[in-house]
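The values are calculated or read from the model by the stated rules, or taken from the named source; none is laboratory data. Everything numeric here is computed off the predicted structure, so don't read it as measured data. All Cβ positions, even for glycine, are placed from backbone atoms using ideal geometry, and neighbour counts span all protein chains on display.
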Amino acid sequence: MTYNKEALKEAIVQKLRLNYGCTEQQANDGEMLKACAMVLRDIMAERGVQTRLDTNRQEKRKVHYMSMEFLMGRSLMKNAYNLGLLEPLREAVGELGFKAADLFDMEPDAGLGNGGLGRLAACYLDSMTTLDIPATGYSICYELGIFKQKIVEGQQVELPDDWKNLGDAWLMPKPQEAEEIHFGGKVRTRWDNGHHMVVHEDYTRVLAIPCDMEVAGYGTEHVNTLRLWDAKSPKPIDMQLFRAGQYLQASEEQAMADVISKILYPEDNHYEGKSLRLKQQYFFVSATVQSITRQHIEVYGTLKNFHEKNVIQINDTHPALVIPELMRILIDDAGMNWEEAWHITKNAVAYTNHTVLAEALECWPQKLMEELLPRVWQIIQEISKRWQERVEGFYHGDMQKVEKMAIIWGGSVRMANLCIAGGTAVNGVSALHSDILRNDVFRDACVMEPEKFKNVTNGIDHRRWLAQINPGLDSLICELTGGNDYLTVPQKLRELESYADDAAVLKRLEEIKQQNKEAFAKFAKRQQGVVLNTNGIFDVQVKRLHEYKRQLLNVLHIISLYLQLKDHPDMEMVPQTFLFGAKAAPGYAVAKRIIQLINSLADEINNNPICKDKLQVVFLENYRVSMAEMLMPASEVSQQISTAGKEASGTGNMKFMMNGALTVGTLDGANVEMHEMLGDENIFLFGLTADEAARLSTNYDPMLFYNRDGMLRRVLDQIKHGFRDGKTYEDLYQRLLYGANCPADQYLLLADFGSYCAAEQRMVNTYRNREQWNKMSLRNIARSGIFAADRSIAEYAENIWHVPYKK
Ligand code: 26Q
């Protein structure tokens with residue numbers, strides 16, 4: 001059935017009656033939003049059924065994308081857009097007496113992720129569907145997503161994000177497809193009729209209930225599913241304890257189960273060995289593997305061809321337990337021998353690495369695993385033993401290599417090594433990052449199996465991150481490239497380049513940017529009462545707060561501008577509006593101090609009359625997907641200034657570029673590919689390269705830079721003494737000059753300060769020549785096609801999954 005405005009109207013009215021017992025006149029915005037969601041959900045559910053039938057009938061290989069995070073953001077506009085129903089929905093809603101824009105705006109973000117890794121999973125789900133790949137995403141149905149951030153007296157305060165109130169209209173609970181997960185207990189082995197039987201007993205049971213969210217592709221009938229697992233206890237209450245009057249204890253086990261899917265861990269790029277996190281991971285993995293194998297058996301009646309018909313992609317090591325869990329099911333449940341099970345497992349799992357930061361590599365205490373997952377632990381031990389024998393053989397007993405590559409060592413289980421041993425492919429997420437994995441982090445494993453190590457540079461859903469959020473730019477592109485083919489052929493953006501000397505086109509680009517700046521300023525006023533100077537260059541750094549991302553370097557530069565302005569209050573300058581947005585992990589004290597410093601600086605600058613219409617600094621509260629959607633189209637400068645070698649890829653960098661912002665950045669992550677596309681003339685590069693940074697960090701002396709540069713000294717002293725709010729930041733000053741544990745500042749801020757300031761200066765000078773700037777902006781948009789997720793997914797399909805896709 002094809003839907004038009006009338007059919008949508010009718011369906012919405014029907015939903016209101018059936019679900020809320022009200023008419024469209026009586027319904028409030030929330031009910032209307034949910035009714036619209038349910039109508040689209042129905043359309044997708046129907047197509048989802050058809051997609052699955054076709055997939056099974058044609059015995060296609062399926063992709064299973066496992067990620068502890070899916071940062072989906074809002075869905076109403078996205079789904080309407082992909083289904084080709086955006087305009088009919090707008091009209092239908094309008095005729096029912098509501099404003100579509102208001103409904104879109106009130107939908108809560110599904111914030112089931114921290115940042116890059118989680119958003120990547122969401123973009124990939126869109127592309128896999130658009131390319132007609134049979135794929136399912138899997139994650140946990142966290143009751144509370146990433147916390148909401150408030151700034152109170154300059155400091156971050158975390159509030160719970162209870163998104164399900166309005167956001168659950170997309171979810172379809174399927175209790176009949178629940179799986180049972182076993183924790184703790186004991187493992188016994190016995191011989192039964194010559195068979196070695198493993199018996200796991202006295203375990204605690206937890207139910208995993210799937211809540212499915214359908215995902216529509218663009219320009220296709222294909223629909224995929226995001227399966228979110230909700231944890232519940234199988235027994236409502238312990239009646240024995242209840243009868244004994246021990247009411248609290250009676251519901252203890254139930255509470256234990258519920259807590260597993262309660263909350264998303266808010267640490268980004270940082271590992272902590274918390275037992276609840278391990279429970280989440282196994283809960284997630286076991287439910288998913290049971291569900292996949294069960295469905296496989298339903299179609300094929302056996303698991304012997306499992307690897308031929310399934311590939312499981314794991315988003316970092318967080319779901320690494322799939323390897324022993326799949327082994328467990330193949331051996332204990334399907335009765336296979338080790339070799340056969342290992343062959344299937346190894347060919348069915350592939351691993352993407354997203355970080356080289358030592359503090360982010362997962363290393364679980366063996367004790368925790370042993371107690372929580374006794375059977376899985378046995379299997380890990382066997383995998384580890386066999387892997388170690390192989391390494392020893394290959395490296396002729398070189399114990400240094402054996403130690404580095406070991407899975408279990410010194411009482412810890414190293415998840416990355418488990419993934420390397422048990423997977424068919426390991427990939428990094430940008431050219432530089434994959435090189436660092438091959439030549440440094442996983443060097444010895446790569447020598448052993450060089451074909452296993454691949455690169456797939458990240459990409460973003462350009463339909464969401466350009467067409468949908470920047471309608472002005474979308475219209476211009478369609479006009480200039482003769483239609484909207486670029487939506488499915490992102491390389492078409494290249495055709496824009498023939499307008500690089502067309503003054504009228506460049507002017508329009510500038511006008512679109514200005515309108516987007518005004519629109520963002522309105523939003524900022526509404527959200528936090530701040531009045532942005534829209535005549536200033538919108539110079540933006542939005543991403544998680546982390547020392548390696550160097551928000552502090554940005555701060556140092558702004559302080560240097562401020563000091564110059566104080567020296568020469570009448571100095572002529574291009575107005576600049578510096579925008580920051582960042583959440584800090586609640587336990588990351590230094591990151592929280594940096595937020596406080598940004599707010600102190602903002603307070604100082606925004607209240608000093610000499611800065612009026614020249615310098616402005618704003619910390620944007622609660623940066624999230626839906627804010628990024630407003631901000632990217634309005635940004636002129638994209639700050640991508642991580643210490644080279646530390647940012648695996650970055651994906652915000654791509655969103656900015658696609659919306660015409662120019663990058664000030666280091667040669668790190670995907671900035672390297674960006675620079676390759678743009679050449680020196682269309683990007684503002686600065687700083688040490690990854691090799692130089694690695695070399696310098698072995699004997700880095702911040703004092704050298706401090707003593708050499710008078711401005712840098714003044715800037716640092718300013719941090720130490722603080723600003724008009726009376727707060728001082730000697731701790732951060734110390735950190736930059738001496739590091740937390742000498743010899744330090746691993747992030748080399750002072751070494752890059754000079755060249756960063758110079759790059760900013762080049763950027764501002766370029767901005768004075770608006771035509772030149774607009775030309776560069778156009779080239780950035782025109783050359784951003786390679787950063788479309790469709791390109792990334794085509795590479796995964798081709799080089800790792802070996803599945804066909806729509807070309
Ligand atoms: C691990 C164990 C326990 C608790 C939390 C974690 C954890 C959670 C999230 C560890 C890491 C993350 C997130 C990492 C992440 O977002 N990495 C980013 O991935 C992007 C997509 O590939 C890259 O573009 C970024 O460069 C990378 O930092």
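Considering Lys549, Lys614, Lys646, which residue is among the basic types (Lys, Arg) and in contact with a Pro (Cβ under 8 Å, 6 or more places away or on another chain)?
Lys614
Does at least one position in the stretch 109-124 carry a residue that is more than 23 Å from Ala794 (Cα to Cα), among the charged types (D, E, K, R), buried (at least 16 other Cβ atoms within 10 Å of the Cβ) and out of contact with any Gly (no Cβ under 9 Å at 6 or more places or on another chain)?
Checked against the condition, which is being more than 23 Å from Ala794 (Cα to Cα), among the charged types (D, E, K, R), buried (at least 16 other Cβ atoms within 10 Å of the Cβ) and out of contact with any Gly (no Cβ under 9 Å at 6 or more places or on another chain), the stretch 109-124 yields no hits at all.
Looking at (1) crowded, with 17+ Cβ neighbours inside 10 Å; (2) more than 30 Å from Leu16 (Cβ to Cβ); (3) free of Cβ contacts under 8 Å to residues at least 60 places away in the same chain; (4) hydrophobic (A, V, I, L, M, F, W, C), which is the one condition that is false for Val206?
(3)
Of the residues Gly145, Gly113, only one is in contact with a helix residue (DSSP H, G or I) (Cβ under 8 Å, 6 or more places away or on another chain) and within 16 Å of the ligand (Cβ to nearest atom); which?
Checking each option against the conditions leaves just Gly113.
Can you report the number of residues in the stretch 63-81 which are surrounded by fewer than 22 Cβ atoms within 10 Å (Cβ to Cβ) and farther than 22 Å from Asn165 by Cβ?
1
Name the one entry in Val429, Val456, Val402, Val413 that is closer than 30 Å to Glu673 by Cβ, β-branched (Val, Ile, Thr), modelled with pLDDT of 95 or more and in contact with an Asp or Glu (Cβ under 9 Å, 6 or more places away or on another chain).
Val456
So Asp440 ticks every box in (1) in a loop (DSSP other than H, G, I, E, B); (2) more than 30 Å from Asn79 (Cα to Cα) but one. Which box is left unticked?
The failed condition is (1).
For residues that are part of a strand (DSSP E or B) and among the aliphatic types (A, V, I, L, M), scanning just the stretch 511-560, find the one that is farthest from the chain's Cα centre (by Cα).
The residue in question is Ile537.
So which residues in the stretch 705-727 are surrounded by fewer than 14 Cβ atoms within 10 Å (Cβ to Cβ) and free of Cβ contacts under 8 Å to residues at least 40 places away in the same chain, if there are any at all?
Those that are surrounded by fewer than 14 Cβ atoms within 10 Å (Cβ to Cβ) and free of Cβ contacts under 8 Å to residues at least 40 places away in the same chain: Asn707, Arg708, Gly710, Arg713, Asp717, His721, Gly726.
The conditions are (1) in contact with a His (Cβ under 9 Å, 6 or more places away or on another chain); (2) assigned to a strand (DSSP E or B); (3) within 16 Å of the ligand (Cβ to nearest atom), and Thr136 fails exactly one of them. Which is it?
Every listed condition holds for Thr136 apart from (3).
For the stretch 431-447, what are the residues that are within 13 Å of Asn417 (Cα to Cα) and either surrounded by fewer than 18 Cβ atoms within 10 Å (Cβ to Cβ) or of a type in the set (Val, Ile, Thr) (or both)?
Within the stretch 431-447, Val441, Arg443, Asp444 meet the criteria.
Just checking, which of Asp501, Asp474 is more than 30 Å from Lys404 (Cα to Cα) and not in a helix (DSSP H, G or I)?
Among Asp501, Asp474, only Asp501 is more than 30 Å from Lys404 (Cα to Cα) and not in a helix (DSSP H, G or I).
Give the number of residues within the stretch 665-679 that are in a loop (DSSP other than H, G, I, E, B) and either within 12 Å of the ligand (Cβ to nearest atom) or among the hydrophobic types (A, V, I, L, M, F, W, C) (or both).
Residues flagged as in a loop (DSSP other than H, G, I, E, B) and either within 12 Å of the ligand (Cβ to nearest atom) or among the hydrophobic types (A, V, I, L, M, F, W, C) (or both) within the stretch 665-679 amount to 4.
Across the stretch 82-107, what is the total count of residues that are surrounded by fewer than 19 Cβ atoms within 10 Å (Cβ to Cβ) and either within 16 Å of the ligand (Cβ to nearest atom) or under 29 Å from Trp229 (Cα atoms) (or both)?
Here the count works out to 2.
For the stretch 282-332, give me each residue that is among the charged types (D, E, K, R) and either within 16 Å of the ligand (Cβ to nearest atom) or under 16 Å from Cys363 (Cα atoms) (or both).
The answer is Asp316, and nothing else.
Can you give me the number of residues within the stretch 150-188 that are part of a strand (DSSP E or B) and out of contact with any helix residue (DSSP H, G or I) (no Cβ under 9 Å at 6 or more places or on another chain)?
Number of matching residues: 7.
For the subset of the stretch 644-664 comprising residues that are in a loop (DSSP other than H, G, I, E, B) and within 13 Å of the ligand (Cβ to nearest atom), which member is farthest from His354 (Cα to Cα)?
Ala644
Which pairs turn up if I take residues in the stretch 254-269 that are on the phi > 0 side of the Ramachandran plot and look for partners that are near the ligand (Cβ under 9 Å from one of its atoms) with beta carbon separation below 7 Å, at least 6 apart in sequence or on another chain?
Pairs that qualify, where the first residue is on the phi > 0 side of the Ramachandran plot and the partner is near the ligand (Cβ under 9 Å from one of its atoms), are Asn269/Thr355; Asn269/Leu357; Asn269/Ala360; Asn269/His546.
Among the candidates Pro365, Pro319, which residue alone is closer than 30 Å to Gly645 by Cβ, in contact with a Ser or Thr (Cβ under 9 Å, 6 or more places away or on another chain) and buried (at least 21 other Cβ atoms within 10 Å of the Cβ)?
Just a single option satisfies the conditions, and that option is Pro319.
Looking at Val426, is it within 16 Å of the ligand (Cβ to nearest atom), β-branched (Val, Ile, Thr), touching a residue at least 40 places away in the same chain (Cβ under 8 Å) and in contact with a strand residue (DSSP E or B) (Cβ under 8 Å, 6 or more places away or on another chain)?
Here the answer is yes, as Val426 does meet what is asked.
Among (1) surrounded by 23 or more Cβ atoms within 10 Å (Cβ to Cβ); (2) away from the ligand (no atom under 16 Å from the Cβ), there is one condition Arg593 misses while meeting the rest; what is its number?
Result: Arg593 passes all but (1).
Would you tally the residues in the stretch 288-332 being in contact (Cβ under 8 Å) with a residue 40 or more places away in the chain, closer than 12 Å to His64 by Cβ and either in a loop (DSSP other than H, G, I, E, B) or among the hydrophobic types (A, V, I, L, M, F, W, C) (or both)?
Adding up the residues that qualify gives 8.
Of all helices (runs of 4 or more DSSP H) completely enclosed by the stretch 721-807, which ones contain at least 3 residues that are more than 21 Å from Asp709 (Cβ to Cβ), out of contact with any Pro (no Cβ under 8 Å at 6 or more places or on another chain) and of a type in the set (D, E, K, R)?
770-782
Within the stretch 386-393, is there a residue that is touching a Leu at 6+ places or on another chain (Cβ under 7 Å) and either assigned to a helix (DSSP H, G or I) or surrounded by 16 or more Cβ atoms within 10 Å (Cβ to Cβ) (or both)?
No.
Considering only the stretch 224-281, how many residues are assigned to a helix (DSSP H, G or I), of a type outside the set (Lys, Arg), out of contact with any strand residue (DSSP E or B) (no Cβ under 8 Å at 6 or more places or on another chain) and within 11 Å of the ligand (Cβ to nearest atom)?
Counting residues in the stretch 224-281 that are assigned to a helix (DSSP H, G or I), of a type outside the set (Lys, Arg), out of contact with any strand residue (DSSP E or B) (no Cβ under 8 Å at 6 or more places or on another chain) and within 11 Å of the ligand (Cβ to nearest atom) gives 2.
Find the helices (runs of 4 or more DSSP H) located wholly in the stretch 7-107 whose residues include 1 or more that are of a type in the set (Val, Ile, Thr), and list them.
Answer list for the stretch 7-107: 29-57, 86-95.
Please go through the stretch 335-384 and give me each residue that is in a loop (DSSP other than H, G, I, E, B), within 24 Å of Arg61 (Cα to Cα) and within 15 Å of the ligand (Cβ to nearest atom), ordered by number.
The one that is in a loop (DSSP other than H, G, I, E, B), within 24 Å of Arg61 (Cα to Cα) and within 15 Å of the ligand (Cβ to nearest atom): Asn353.
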